[in-house]
Amino acid sequence: MSLDLAESRQAPSAMTQDQPAIEVRGITHRYQTGRGEVLALRDINLSVAPGRFVGLVGPSGCGKSSLLMMMAGLVRPSEGSVAVAGAPVTRPAPERLGVVFQEASLLPWRTALENVAFPLKLRGVPRAEREARAGQLLHLVGLKGFEHRHPHELSGGMKQRVAIARGFCQDPPVLLMDEPFAALDEQTRMTLGDELLRIWDRHRKTVVFVTHGLTEAVYLCDEVVVLSGRPGEVLARIEIDLPRPRTWEMMATEHFGRLREQIWSLIRRQA
Ligand SMILES: Nc1ncnc2c1ncn2[C@@H]1O[C@H](COP(=O)(O)OP(=O)(O)OP(=O)(O)O)[C@@H](O)[C@H]1O
Ligand SMILES: [Mg+2]
């Protein structure tokens, strides 16, 4: 799989265009706990087309992270299944699907560059090649000059940028992001959101983005999936028909406000 950093926008390949990038079929999930069973998700069906940027929102505890872990093959659902590009997900497959979590989870003893290049190292990509790719991505997320710093020398926002660069370095067709900006201040979130959109626009990966930020969801996504309170069920799928590229000025428009309000009113009723 090649990482194309050319300026041109990459279209999803013709072969995969009519097949969903992610297909969730009838997922119901129960966790077994010391105090009995917790029904976390109920009958989730969701199909995501290749190259789409899809948001996943819903009240705390409704099963967003659980659903993402099932898409990633990290948790096996009690019932139902997930397919990525038509192939069933039964275990983690980092070459098909990358995950960026809320906590940057970098390797502390490795530099920013080594952290970003790590997935390629695991795939046996030669050092010069993987470091060249990692360097380009660090540049893209605004970390040129920080390549040789260790995580403890970086701010929270910088670490999150490294984690995002690593997600893209892995170069999977699908990227799952679980509240990747949650620990950051508003200004850093907005800036990183723009950086994420810029990289996504070049690489056109399929992204599933979990967030509690409704403004962030509307700003970033093509579509926002709203889950109900636990057990999580799909309440609505809201198409975000704002033009791209998105600009901060759009947030002040009536249309943006209406979309945000539509999502909020659904979530508010769950409280
Ligand atoms: N390993 C586990 N064992 C038992 N229960 C769990 C486990 N993981 C999650 N749960 C329960 O499943 C439900 C869904 O959890 P999950 O973390 O997926 O929600 P979430 O939507 O990501 O919440 P948040 O917005 O707070 O991150 C919660 O009620 C939670 O307590
Ligand atoms: Mg969560």
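The values are calculated or read from the model by the stated rules, or taken from the named source; none is laboratory data. Keep in mind it's a predicted model, so treat the numbers as computed, not measured. No Cβ is skipped: glycine too gets one built from the backbone with ideal geometry, and neighbour counts run over all protein chains shown. Accessible surface is based on the protein model in full, side chains and every heavy atom, while ligands, DNA and RNA are left aside. Shrake-Rupley method; radii C 1.70, N 1.55, O 1.52, S 1.80 Å.
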- Query: Is there any pair with a first residue in region 167-178 that is open to solvent by less than 10 Å² (accessible area, probe 1.4 Å) and a second that is of a type in the set (Ser, Thr, Tyr) and within 16 Å of ligand 2 (Cβ to nearest atom) whose Cβ atoms are under 9 Å apart and which are 6 or more apart or on different chains, and what are they?
  - Reply: Met177/Thr211
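Can you find, within region 66-80, the residue that is nearest to ligand 2 (Cβ to nearest atom) among those that are over 10 Å from Arg91 (Cα atoms) and open to solvent by 50 Å² or more (accessible area, probe 1.4 Å)?
Going through region 66-80, the residues over 10 Å from Arg91 (Cα atoms) turn out to be 66-69, 77-80.
Those still in the list that are open to solvent by 50 Å² or more (accessible area, probe 1.4 Å) too: 69, 78-79.
Numbers: Met69: 9, Ser78: 18, Glu79: 21 Å.
The selected residue is Met69.
Any residue at all in region 252-270 that's touching a residue at least 60 places away in the same chain (Cβ under 8 Å) and open to solvent by 10 Å² or more (accessible area, probe 1.4 Å)?
We begin by selecting, within region 252-270, every residue touching a residue at least 60 places away in the same chain (Cβ under 8 Å); these are 263, 267, 270.
This time we only want the ones that are open to solvent by 10 Å² or more (accessible area, probe 1.4 Å), so: 267, 270.
Within region 252-270, one or more residues are touching a residue at least 60 places away in the same chain (Cβ under 8 Å) and open to solvent by 10 Å² or more (accessible area, probe 1.4 Å).
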- Task: Identify the single condition in (1) within 25 Å of Ala165 (Cβ to Cβ); (2) touching a residue at least 60 places away in the same chain (Cβ under 8 Å) that Gly58 does not satisfy, given that it satisfies every other one.
- Result: (1)
- Message: Just the residues that are more than 29 Å from Glu129 (Cα to Cα) and of a type in the set (Ser, Thr, Tyr), please, taken from region 163-196.
- Response: Thr188
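Conditions tested, residue by residue: (1) touching a Lys or Arg at 6+ places or on another chain (Cβ under 8 Å); (2) in a helix (DSSP H, G or I).
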residue: Gly142; (1), (2): yes, no
residue: His148; (1), (2): no, no
residue: Ala163; (1), (2): no, yes
residue: Pro180; (1), (2): no, no
residue: Leu184; (1), (2): no, no
residue: Gln187; (1), (2): no, yes
residue: Met190; (1), (2): no, yes
residue: Ile199; (1), (2): no, yes
residue: Phe209; (1), (2): no, no
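Collect the residues in region 38-64 that are surrounded by fewer than 18 Cβ atoms within 10 Å (Cβ to Cβ) and within 16 Å of ligand 2 (Cβ to nearest atom), keeping them in residue-number order.
Val38, Ser60, Gly61
Have a look at Leu67, Leu107, Leu122 and point out the one that is within 13 Å of ligand 1 (Cβ to nearest atom) and either at pLDDT below 95 or closer than 29 Å to Arg244 by Cβ (or both). Spell out how you get there, then give the answer.
Values: Leu107 fails: within 13 Å of ligand 1 (Cβ to nearest atom); Leu122 fails: within 13 Å of ligand 1 (Cβ to nearest atom).
Exactly one of Leu67, Leu107, Leu122 is within 13 Å of ligand 1 (Cβ to nearest atom) and either at pLDDT below 95 or closer than 29 Å to Arg244 by Cβ (or both), namely Leu67.
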- Message: Which count do you get for residues in region 47-106 that are polar (S, T, N, Q) and in contact with a strand residue (DSSP E or B) (Cβ under 8 Å, 6 or more places away or on another chain)?
- Response: 6
